[in-house]
């Protein structure tokens, strides 16, 4: 997924299409448009594989669960919004501790009156990889992610997603946040985000 600009709280339209049909795999795409500004704000592409449960690999559940995590207060001076809307259960680290983090997350319903699917929950969570593993003090540094790549191993299940996330920085303004994402059955996806790292 590529973020082409800020996504406003306004009227948006979504278009989707099959870009490459196929019997074994197909490529699908979608674009999110800001109606008032007349521009595309996000674009996504996905390769769709057949769903099967007969593959050689089987997931292994993690040794911990959301019940084992800690709820930590939002750091003083931070805005609420997303941080307050999501349930966080920290196994390692926190949003104000620099370094890798492991956290169980349960995002809220995204659209009033509509159930949030497990895939939607997963994608909302993996977008938090840089925040869950910030390598610098976020009060002094900003991490702008311009894209998000997610590789799903199987359909996710349940309401909780665990991120094992890490941010890697270079000597310039480029970084990358990666995560292994788990559900109650075990590893379900891996993600990577390109980051523009700038002082505030």
For this session: Sort 68-75, 50-57, 14-21 for me by packing, meaning the mean count of neighbouring Cβ atoms within 10 Å per residue, highest on top.
Result: 68-75, 14-21, 50-57
Exercise. How far, in nm, would the chain grow between residue 12 and residue 151 when pulled straight, counting 0.36 nm per residue and subtracting the alpha carbon separation?
Worked result: 47.4 nm
Problem set entry | Residue of 132, 181, 189 that the Gaussian network model of the chain assigns the largest fluctuation, springs spanning Cα pairs under 10 Å | 189
Seminar exercise, completed: Note to self: C-alpha centroids of segment 1-46 and segment 60-80 sit apart, in Å, by 31
Problem set entry | Candidates 153, 27, 169: whichever shows maximal mean-square fluctuation once the chain is modelled as a Gaussian network with Cα springs under 10 Å | 27
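Decide, for segment 1-99, between rounded, prolate and oblate: order the square roots of the alpha carbon gyration tensor eigenvalues as a ≥ b ≥ c, take rounded if a/c falls under 1.5, and otherwise choose prolate if a/b is larger than b/c, else oblate.
Details: a/c = 3.39, a/b = 1.18, b/c = 2.88.
It comes out oblate by the Cα gyration axes.
Which of the peptides 117-125, 84-92 is most tightly packed, and how do the rest follow, judged by the mean count of other Cβ atoms within 10 Å per residue?
Numbers: 117-125: 19.1, 84-92: 16.6.
Put in order of decreasing packing, that is 117-125, 84-92.
Considering Cα pairs under 8 angstrom that are at least six residues apart, work out the relative contact order of the chain and quote it in whole percent. Please list the in-between numbers first.
Numbers: 434 pairs, mean separation 35.4, N = 200.
Computed over the chain, the figure is 18 percent.
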Seminar exercise, completed: So for segment 1-49, using the alpha carbon gyration tensor with a ≥ b ≥ c as root eigenvalues (a/c under 1.5 gives rounded; past that, a/b versus b/c decides prolate or oblate), I'd call it prolate
Exercise. Want the number for residue 119 to residue 78: 0.36 nm per residue separation, take away the alpha-carbon distance, what's left?
Worked result: 11.9 nm
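Laboratory data are not the source of any read-out in this text; all were calculated from the coordinates shown. Keep in mind the model is a prediction, meaning the values are calculated, not measured. All Cβ positions, even for glycine, are placed from backbone atoms using ideal geometry, and neighbour counts span all protein chains on display.
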